[in-house]
C-alpha cells in the first residue's frame with residue numbers, strides 16, 4: 001500500500017538559514033554552560049555519556065559533541081502510521097498534516113447547548129470519531145479529557161478511547177515510565193507485537209519538558225519510547241517573559257535548547273530512535289498572564305522559528321495551527337486559526353496540531369474543529385501554489401477561443417475545473433439564497449456538520465478480542481494504581 | 001533595599017516605611033497595571049524587591065519592637081505534591097504582594113499536610129494551591145480534607161488554580177475560590193478576606 005505524501009509547505013522563510021545557525025550555536029552554549037535539570041534516571045544517561053553532573057546530581061551540562069552526534073543519529077524521515085495503513089503518512093521535508101486537538105482540555109464546548117462543561121470519557125469518544133471523519137485531519141489528539149475516570153489511570157483510559165475510535169495516526173501524552181510501558185503494551189496488542197509496532201508505529205508519544213531547561217519524571221516516558229523505537233514528538237512550552245526571555249528569539253532559544261537536550265537523551269538511550277522536532281517558544285499575554293495561542297508571536301515562535309530549526313537539522317517537526325484564544329467559534333477564532341494554520345503550513349511544519357482549541361487551550365470545540373478542517377483545506381491549496389507550465393498556461397486554448405468567446409465548455413476547463421479548492425463548509429451563495437436558507441452563521445453549519453458526521457461516520461472497530469485485551473490492561477492498571 | 005535600609009536607619013517607624021513607602025509605590029504600579037499602562041512583568045519587578053525588603057529588613061525590625069506587621073491579609077501559597085510547575089503560583093504571589101498581602105510561599109511539590117502546618121504556624125487567612133497536571137489536580141481535594149481533619153477548615157479560605165482546575169472542580173472538592181488567571185485570583189482573594 002502507498003503511504004500518504006502530502007503537499008510540501010515550505011516557502012515562507014520568515015527565519016533565515018543564517019539566523020537558524022545563530023540559534024543553534026546559542027543553544028549549544030546554553031546546554032554546555034548552564035545545562036538542564038534532570039531526574040536521577042535521566043542524569044545517569046547523560047553522566048554515562050560523559051556529561052558533567054552538578055548540583056547534587058541534578059544538573060547535566062551537556063557537551064556540544066553529544067548534541068551534534070545525536071542530531072546526526074536522529075532519522076530524517078519518519079513513518080507515522082494509523083491503525084489502518086491507508087492512513088499512514090510520511091513525516092519529512094516540509095510535508096504538512098493537520099491534527100485535531102492536543103492534550104486534554106479542561107472544558108468542552110457542549111455540542112448541543114454551547115455551554116462550557118467538564119468533559120468525560122464519552123466526550124472524548126465523540127471527538128475522536130469526529131476527527132476520524134474529517135478529511136483534512138490526518139492525525140488525532142483530543143478536544144476533551146476523560147475526567148470521569150480515576151486520575152491515576154486517566155491517560156490509559158484516554159489511549160483506550162483513541163485506539164478504539166480512530167484508524168488514523170494518534171499523537172498523545174502518557175507521563176512517566178510505568179504508564180508508558182502499559183500504553184506500549186496496548187499498541188503492541190493491536191498490531192501483533194512490539195516488533196510490528198517498531199516497524200509500523202500506529203501512534204507517537206508527545207512529551208513536554210518543563211521550561212526553563214528541566215526534565216521531569218514525566219519525561220522518563222521518552223526513555224521507554226526510545227527503547228521501543230516508537231516516534232516521540234517533543235514539545236517544550238516556554239512562555240515569553242515568564243519561563244523564558246520576553247523576546248520571540250530568546251523564548252524559542254529555550255525551546256530549542258530543551259529540544260536538543262531531549263533529542264540527545266533519546267539518541268543516547270537508543271541510537272536512531274525516531275524523534276519529531278519541536279523547539280517551541282510560546283507567548284504569555286503580559287496583561288491576562290495566559291498563554292495566548294492566537295498571538296502572532298505564538299505562531300512565530302512555535303511555527304516559524306521551530307520549522308526553520310527543524311529544516312536546519314533536517315528533522316521532521318511538530319507545531320501549532322487551528323487554535324485560538326476566542327471563547328466562541330467566531331470571527332476572532334477564524335482569523336487566528338487561519339493565521340497560525342497558514343504560517344505553520346507555509347513554514348513547512350509536518351504535524352500541525354490543536355485544530356479545534358478555543359480559549360487558549362482551555363476549551364475544546366467540535367464546531368471549531370469542523371471550521372479548522374475547512375481552513376486546513378484552503379491552506380493546503382495555498383501551499384500547493386500555482387503550477388505554471390504549457391498545460392496550465394493554456395496558450396493554445398486561448399488562441400482557439402479568441403476575443404469575445406468563452407471558456408465555459410472547453411475541454412481544458414472541464415479537465416482542470418476540479419483542481420480548485422471547493423468549500424465543504426463555508427458559504428459562497430448569494431445574500432438572497434443565504435437569507436432564504438435561514439441566515440445561518442458558520443458555527444451553526446459547523447455544529448450541524450459535526451452532528452451529521454457523528455451520526456454517519458463509524459470507524460472500523462477493533463476486533464472484539466483486541467478490545468477486550470486492551471480493556472483488561474486498563475483494568476489491571478486500575479487495580480494496581482488507584483488509591484481508594 | 002538600600003532605600004529601606006536608609007529609612008530604618010533614620011529611625012522611621014517600620015510600619016510607616018511599608019505604608020508610606022513600599023505599599024504606596026506598589027499601589028501606583030498596581031493602578032497602572034489595571035489601566036493597561038504597565039504589564040505583569042513590571043508588577044513582578046516591583047513586587048519582588050518589595051517582598052525582600054519587607055521580609056529581610058522591616059519584619060525583623062517590627063519583631064524587635066514586638067509589634068505586628070499590618071497587611072491586607074496572610075496568604076500561604078504552594079504548588080501541590082507531584083507537581084513542580086510553579087510559574088503560575090509565582091505570578092499570583094507577586095500580584096498578591098503588589099496588592100499589599102503578606103505572602104508566604106512554601107514552594108513546589110508540597111504535600112497537603114504542609115499547607116495545613118504552615119497555615120497554622122503563620123495564622124493565615126487564605127491558602128492557595130496550584131496544579132498544572134490533570135494527574136496532580138486531585139491533590140487539591142486532599143488539601144481540603146487535610147484542613148478538615150485538622151479542624152482548621154473554618155479558619156482559612158482555600159483557593160485553587162492551575163490549567164486543569166475549574167470552578168466546578170473547586171465547588172466539588174469544597175474549596176472557597178477559583179480563578180482562571182492571576183489577575184482574577186487577586187480579586188477572588190480580596191473578596192474572600194472582605195476587601196472590595
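Can you confirm whether residue B:55 is free of Cβ contacts under 8 Å to residues at least 40 places away in the same chain, within 14 Å of the chain's Cα centre (by Cα) and under 16 Å from residue B:15 (Cα atoms)? Working first, answer last.
Details: free of Cβ contacts under 8 Å to residues at least 40 places away in the same chain: yes; within 14 Å of the chain's Cα centre (by Cα): yes; under 16 Å from residue B:15 (Cα atoms): yes.
Judged against the criteria, residue B:55 is a match.
Looking at (1) in a strand (DSSP E or B); (2) over 28 Å from the mean Cα position of the chain (by Cα), which is the one condition that is false for residue A:56?
Residue A:56 satisfies every listed condition except (1).
Would you mind stating whether residue A:334 is over 18 Å from residue A:131 (Cα atoms), within 14 Å of chain B (Cβ to nearest Cβ), assigned to a helix (DSSP H, G or I) and modelled with pLDDT of 95 or more? If you could, list the steps in order and put the result at the bottom.
Numbers: over 18 Å from residue A:131 (Cα atoms): yes; within 14 Å of chain B (Cβ to nearest Cβ): no; assigned to a helix (DSSP H, G or I): yes; modelled with pLDDT of 95 or more: yes.
It is false that residue A:334 is over 18 Å from residue A:131 (Cα atoms), within 14 Å of chain B (Cβ to nearest Cβ), assigned to a helix (DSSP H, G or I) and modelled with pLDDT of 95 or more.
Could you identify the single residue in B:91, B:62, B:54 that is in a helix (DSSP H, G or I), crowded, with 22+ Cβ neighbours inside 10 Å and more than 14 Å from chain A (Cβ to nearest Cβ)?
Values: B:91 fails: more than 14 Å from chain A (Cβ to nearest Cβ); B:62 fails: crowded, with 22+ Cβ neighbours inside 10 Å.
Result of the check over B:91, B:62, B:54: B:54.
For segment A:207-240, how many residues are in a strand (DSSP E or B), within 14 Å of chain B (Cβ to nearest Cβ) and in contact with a strand residue (DSSP E or B) (Cβ under 8 Å, 6 or more places away or on another chain)?
The initial filter retains those residues of segment A:207-240 that are in a strand (DSSP E or B), namely A:207, A:210, A:214, A:232-234, A:239-240.
Restricting the remaining residues to those that are within 14 Å of chain B (Cβ to nearest Cβ) gives A:207, A:210, A:214, A:239-240.
Now drop any that are not in contact with a strand residue (DSSP E or B) (Cβ under 8 Å, 6 or more places away or on another chain), which leaves A:207, A:214, A:239-240.
Number of matching residues: 4.
Only one of A:449, A:428 is out of contact with any strand residue (DSSP E or B) (no Cβ under 7 Å at 6 or more places or on another chain), assigned by TED's automatic domain parsing to the domain that holds residue A:110 and farther than 30 Å from residue A:154 by Cα. Can you tell me which?
On the way: A:449 fails: farther than 30 Å from residue A:154 by Cα.
Being out of contact with any strand residue (DSSP E or B) (no Cβ under 7 Å at 6 or more places or on another chain), assigned by TED's automatic domain parsing to the domain that holds residue A:110 and farther than 30 Å from residue A:154 by Cα holds for just one of A:449, A:428, which is A:428.
If the requirement is being assigned by TED's automatic domain parsing to the domain that holds residue A:92 and within 21 Å of the chain's Cα centre (by Cα), which of these qualifies: A:265, A:260?
Numbers: A:265 fails: within 21 Å of the chain's Cα centre (by Cα).
The match here is A:260.
For segment A:276-288, name all the residues that are within 14 Å of another protein chain (Cβ to nearest Cβ), more than 20 Å from residue A:372 (Cβ to Cβ), touching a helix residue (DSSP H, G or I) at 6+ places or on another chain (Cβ under 7 Å) and in contact (Cβ under 8 Å) with a residue 12 or more places away in the chain.
Correct list: A:286 only.
Which condition number in (1) in contact (Cβ under 8 Å) with a residue 12 or more places away in the chain; (2) surrounded by fewer than 23 Cβ atoms within 10 Å (Cβ to Cβ) is the one that residue A:247 fails?
So residue A:247 meets the others, but not (1).
Considering every residue within segment B:102-112, establish whether at least one is surrounded by 15 or more Cβ atoms within 10 Å (Cβ to Cβ), modelled with pLDDT of 90 or more, out of contact with any strand residue (DSSP E or B) (no Cβ under 6 Å at 6 or more places or on another chain) and in a helix (DSSP H, G or I).
Just the residues of segment B:102-112 that are surrounded by 15 or more Cβ atoms within 10 Å (Cβ to Cβ), to begin with: B:102-106, B:108-112.
From the residues that got through so far, the ones that are modelled with pLDDT of 90 or more too are B:102-106, B:108-112.
Still in the running and out of contact with any strand residue (DSSP E or B) (no Cβ under 6 Å at 6 or more places or on another chain): B:109, B:111-112.
When the remaining residues are screened for being in a helix (DSSP H, G or I), the result is B:112.
Yes - at least one qualifying residue is present in segment B:102-112.
Hey, any hits in segment B:117-129 for a residue that's at pLDDT below 90, assigned to a loop (DSSP other than H, G, I, E, B), in contact with a strand residue (DSSP E or B) (Cβ under 8 Å, 6 or more places away or on another chain) and not assigned by TED's automatic domain parsing to the domain that holds residue B:41?
Taking segment B:117-129 as the starting set, the residues that turn out to be at pLDDT below 90 are none.
Checked segment B:117-129: no residue is at pLDDT below 90, assigned to a loop (DSSP other than H, G, I, E, B), in contact with a strand residue (DSSP E or B) (Cβ under 8 Å, 6 or more places away or on another chain) and not assigned by TED's automatic domain parsing to the domain that holds residue B:41.
Applying the selection to segment A:363-373, what residues are in contact with a strand residue (DSSP E or B) (Cβ under 6 Å, 6 or more places away or on another chain) and farther than 17 Å from residue A:138 by Cβ?
Result: A:363, A:364, A:365, A:368.
Of everything in segment A:433-454, what is over 14 Å from residue A:112 (Cα atoms) and free of Cβ contacts under 8 Å to residues at least 24 places away in the same chain? Give them in sequence order.
Of segment A:433-454, the ones over 14 Å from residue A:112 (Cα atoms) are A:433-442, A:453.
Correct list: A:433, A:434, A:435, A:436, A:437, A:438, A:439, A:440, A:441.
Select from segment A:94-117 the residues that are in a loop (DSSP other than H, G, I, E, B), within 14 Å of chain B (Cβ to nearest Cβ) and free of Cβ contacts under 8 Å to residues at least 24 places away in the same chain and list them in ascending order.
First, the residues of segment A:94-117 that are in a loop (DSSP other than H, G, I, E, B): A:94, A:96, A:101, A:103-106, A:110-115.
When the remaining residues are screened for being within 14 Å of chain B (Cβ to nearest Cβ), the result is A:103-106, A:110, A:115.
Within segment A:94-117, A:110, A:115 qualify.
Any idea how many residues of segment B:19-51 are more than 11 Å from chain A (Cβ to nearest Cβ) and touching a helix residue (DSSP H, G or I) at 6+ places or on another chain (Cβ under 6 Å)?
Qualifying residue count, segment B:19-51: 8.
Is there a residue being within 14 Å of chain B (Cβ to nearest Cβ) and surrounded by 23 or more Cβ atoms within 10 Å (Cβ to Cβ) anywhere in segment A:126-133?
No, because not a single residue in segment A:126-133 is within 14 Å of chain B (Cβ to nearest Cβ) and surrounded by 23 or more Cβ atoms within 10 Å (Cβ to Cβ).
Among the residues of segment A:252-275, is there at least one that is part of a strand (DSSP E or B), within 14 Å of chain B (Cβ to nearest Cβ) and surrounded by 23 or more Cβ atoms within 10 Å (Cβ to Cβ)?
no
Of all residues being assigned to a loop (DSSP other than H, G, I, E, B) and more than 10 Å from every other protein chain (Cβ to nearest Cβ) in segment B:170-191, which is surrounded by the fewest Cβ atoms within 10 Å (Cβ to Cβ)? Just the residue, please. Give the steps one after another, and end with the answer.
Step one: of segment B:170-191, the residues assigned to a loop (DSSP other than H, G, I, E, B) are B:174-176, B:179-181.
Restricting the remaining residues to those that are more than 10 Å from every other protein chain (Cβ to nearest Cβ) gives B:174-176, B:179.
Numbers: B:174: 13, B:175: 23, B:176: 19, B:179: 20.
Step by step, filter segment B:170-191, then rank; the result is B:174.
Quick check, is residue B:122 surrounded by fewer than 20 Cβ atoms within 10 Å (Cβ to Cβ) and either touching a residue at least 12 places away in the same chain (Cβ under 8 Å) or within 14 Å of chain A (Cβ to nearest Cβ) (or both)? Reasoning before the result, please.
Details: surrounded by fewer than 20 Cβ atoms within 10 Å (Cβ to Cβ): yes; either touching a residue at least 12 places away in the same chain (Cβ under 8 Å) or within 14 Å of chain A (Cβ to nearest Cβ) (or both): yes.
Yes, satisfied.
Condition check: more than 14 Å from chain A (Cβ to nearest Cβ) and out of contact with any strand residue (DSSP E or B) (no Cβ under 6 Å at 6 or more places or on another chain). Does residue B:194 satisfy that? Break it down into steps so the answer makes sense when it comes.
Values: more than 14 Å from chain A (Cβ to nearest Cβ): yes; out of contact with any strand residue (DSSP E or B) (no Cβ under 6 Å at 6 or more places or on another chain): yes.
Yes; evaluated as a whole, the condition is true for this residue.
Restricting to segment A:311-331, name every residue that is assigned to a helix (DSSP H, G or I) and over 16 Å from residue A:280 (Cα atoms). Spell out the reasoning first.
Going through segment A:311-331, the residues assigned to a helix (DSSP H, G or I) turn out to be A:311-313, A:331.
Passing the criteria: only A:331.
Going through segment B:154-169 one residue at a time, which ones are buried (at least 17 other Cβ atoms within 10 Å of the Cβ) and either more than 13 Å from every other protein chain (Cβ to nearest Cβ) or without any contact (Cβ under 8 Å) to a residue 24 or more places away in the chain (or both)? Break it down stepwise before answering.
Of the residues in segment B:154-169, the ones buried (at least 17 other Cβ atoms within 10 Å of the Cβ) are B:156-166, B:169.
The answer is B:156, B:157, B:158, B:159, B:166.
For segment A:60-78, give me the residue count where each residue is in contact with a strand residue (DSSP E or B) (Cβ under 6 Å, 6 or more places away or on another chain) and surrounded by 17 or more Cβ atoms within 10 Å (Cβ to Cβ).
Summing the residues that are in contact with a strand residue (DSSP E or B) (Cβ under 6 Å, 6 or more places away or on another chain) and surrounded by 17 or more Cβ atoms within 10 Å (Cβ to Cβ) in segment A:60-78 gives 3.
Among the numbered criteria (1) more than 24 Å from residue A:475 (Cα to Cα); (2) without any contact (Cβ under 8 Å) to a residue 60 or more places away in the chain, which single criterion is violated by residue A:91?
Looking at each condition in turn, residue A:91 falls short on (2).
Surrounded by fewer than 20 Cβ atoms within 10 Å (Cβ to Cβ), assigned to a loop (DSSP other than H, G, I, E, B) and out of contact with any strand residue (DSSP E or B) (no Cβ under 9 Å at 6 or more places or on another chain): does that describe residue B:28? Outline the logic, then answer.
Details: surrounded by fewer than 20 Cβ atoms within 10 Å (Cβ to Cβ): yes; assigned to a loop (DSSP other than H, G, I, E, B): no; out of contact with any strand residue (DSSP E or B) (no Cβ under 9 Å at 6 or more places or on another chain): yes.
In short, no.
Quick check on this structure: which one of A:344, A:308 is touching a strand residue (DSSP E or B) at 6+ places or on another chain (Cβ under 9 Å) and either within 14 Å of chain B (Cβ to nearest Cβ) or in a helix (DSSP H, G or I) (or both)? Before the answer, list the steps.
On the way: A:308 fails: touching a strand residue (DSSP E or B) at 6+ places or on another chain (Cβ under 9 Å).
Residue meeting the stated conditions: A:344.
The values are calculated or read from the model by the stated rules, or taken from the named source; none is laboratory data. Remember, predicted model here, so these are calculated numbers, not experimental data. Every residue, glycine as well, gets a Cβ built from its backbone with ideal geometry; the counts of neighbours run over all protein chains shown.
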